[in-house]
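The values are calculated or read from the model by the stated rules, or taken from the named source; none is laboratory data. Predicted model only: the values in this text are computed from it and were never measured. All Cβ positions, glycine included, derive from the backbone under ideal geometry; neighbour counts span all protein chains shown.
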Amino acid sequence: MEEKNAAAPTAENIAAKNYGGLEEEYSSFKKSKVVVLQVPYDNTTTYIHGTAAGPAAVIDASRYMERFDDELNQETFKIGIHTAEPLAVEKVPSEEMVEKVSAQVSEVLKANKLPVLLGGEHSVSIGAVKACKETYPNLSVLHFDAHNDLKDVYFGSKLNHGCVARRISETCPIVQVGTRSLSKEEKDFIASQANGRVKTMSVYDILETPMWKEAVANSLSENVYISIDLDVFDPSIMPAVGTPEPGGIGWYEVLDLLKDVAKGKKIVGFDVVELCPLKGDVAPDFLAAKLVYRLLGYIFPTKK
């Protein structure tokens, strides 16, 4: 029997796979300023599992956003946002995943485009920072997180999601925001630093520092990579994370800092990680999708 050829993908099917549901005109690789990389990795999660489903949930939610940004009074999608196929990392060891992410981000940077990673667990950020550091030597990382992630080894791995900031600090300086949970080991590590490569603005520091946003921005270098673990937000607005911590910061506080950093620094890439979708509750997915879009608007203001 003669085998029938598979039907050609329709414009609707193509748009359904793209961030924002964008048509070819605004999503082709050649025309886009941004490349969205999906990294569905969940191998070192230690509490609630499911972050591998995070990237697809963000893409799906993003299709229902208004493309007009009401804060910025612009249609950010017109900069071009290309969505790459998900990286095949689901079953690979952490070392291999990090190298795959690094290689993919390097290719995006070589094409002079902004890499945006959707995780997956937080360990995906290690490879992205490695690639950005090779392209931008004067790099620092702005790290939003409920947890300091400064363990040297966790559950037998130096690439565990609880070790992300420790590994990044070995590559470049890192400024942490919104932290409110750490081990004695991590506390001692922060206190023992001679070179100050890790600076922390915990929620307690935020409460006591009226000018905390300025202090954070001033601690960053010219080129900045931003890593946003969604558990930095209070669980009342972001319950869909692997390890929710009470007392997080709010939507507008995060946006205000991102806006300030985007105005004064060159953001060379960013990630949004640790979304663990909840059945029947799409609000966290939509928050993550909108966060990506708003940050892209800050980075690429289109109005004159």
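At-a-glance table
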| read-out | value |
| --- | --- |
| Given (1) surrounded by fewer than 23 Cβ atoms within 10 Å (Cβ to Cβ); (2) more than 30 Å from GLU25 (Cβ to Cβ), index of the condition LEU109 fails | (2) |
| In region 135-152, the residues that are surrounded by fewer than 22 Cβ atoms within 10 Å (Cβ to Cβ) and either at pLDDT below 95 or in contact with a helix residue (DSSP H, G or I) (Cβ under 7 Å, 6 or more places away or on another chain) (or both) | THR135, PRO137, ASP152 |
| Among (1) charged (D, E, K, R); (2) in contact (Cβ under 8 Å) with a residue 12 or more places away in the chain; (3) closer than 30 Å to GLY156 by Cα; (4) assigned to a helix (DSSP H, G or I), the one test that GLU96 misses | (2) |
| Residues located in region 128-167, provided they are in a helix (DSSP H, G or I) and within 14 Å of the chain's Cα centre (by Cα) | ALA128, VAL129, CYS132, HIS161, VAL164, ALA165 |
| Hits in region 75-84 (condition: assigned to a loop (DSSP other than H, G, I, E, B) and in contact (Cβ under 8 Å) with a residue 60 or more places away in the chain) | GLU75 |
| Single residue of ILE228, ILE237 found to be closer than 17 Å to LEU258 by Cβ, out of contact with any Lys or Arg (no Cβ under 8 Å at 6 or more places or on another chain) and surrounded by fewer than 16 Cβ atoms within 10 Å (Cβ to Cβ) | ILE237 |
| Cross-chain or 6+ apart pairs with Cβ under 8 Å, region 263-289 first and within 30 Å of PRO137 (Cβ to Cβ), then among the charged types (D, E, K, R) and surrounded by 24 or more Cβ atoms within 10 Å (Cβ to Cβ) | VAL273/GLU121; VAL273/ASP229; GLU274/GLU121; GLU274/ASP229; GLU274/ASP231 |
| Candidate set: region 42-67, residues that are part of a loop (DSSP other than H, G, I, E, B) and at pLDDT 90 or above; chosen: the one surrounded by the fewest Cβ atoms within 10 Å (Cβ to Cβ) | GLU66 |
| Residues within region 102-121 that are farther than 21 Å from PRO277 by Cβ and either in a helix (DSSP H, G or I) or not charged (D, E, K, R) (or both), tallied | 13 |
| Breaking point among (1) more than 12 Å from TYR293 (Cβ to Cβ); (2) outside any strand (DSSP E or B), for LEU72 | (1) |
| Number of the condition not met by GLY264 [criteria: (1) under 22 Å from TRP212 (Cβ atoms); (2) surrounded by 18 or more Cβ atoms within 10 Å (Cβ to Cβ)] | (2) |
| Cβ-Cβ under 8 Å pairs, at least 6 apart or on other chains, region 232-259 side over 12 Å from ALA283 (Cβ atoms), far side part of a helix (DSSP H, G or I) and of a type in the set (Ser, Thr, Tyr) | GLY242/THR51; LEU258/TYR298; LYS259/TYR298 |
| Region 118-127, residues that are under 10 Å from the mean Cα position of the chain (by Cα) and among the small types (Gly, Ala, Ser) | GLY119, GLY120, SER125 |
| Any hit, region 156-175, residues being of a type outside the set (Asp, Glu) and touching a Gly at 6+ places or on another chain (Cβ under 6 Å) | no |
| Region 170-225, residues that are in contact (Cβ under 8 Å) with a residue 24 or more places away in the chain and small (Gly, Ala, Ser) | GLY178, SER181, SER183, SER202, ALA217, SER219, SER221 |
| Members of region 290-304 that are more than 18 Å from LEU257 (Cα to Cα) and crowded, with 20+ Cβ neighbours inside 10 Å | none |
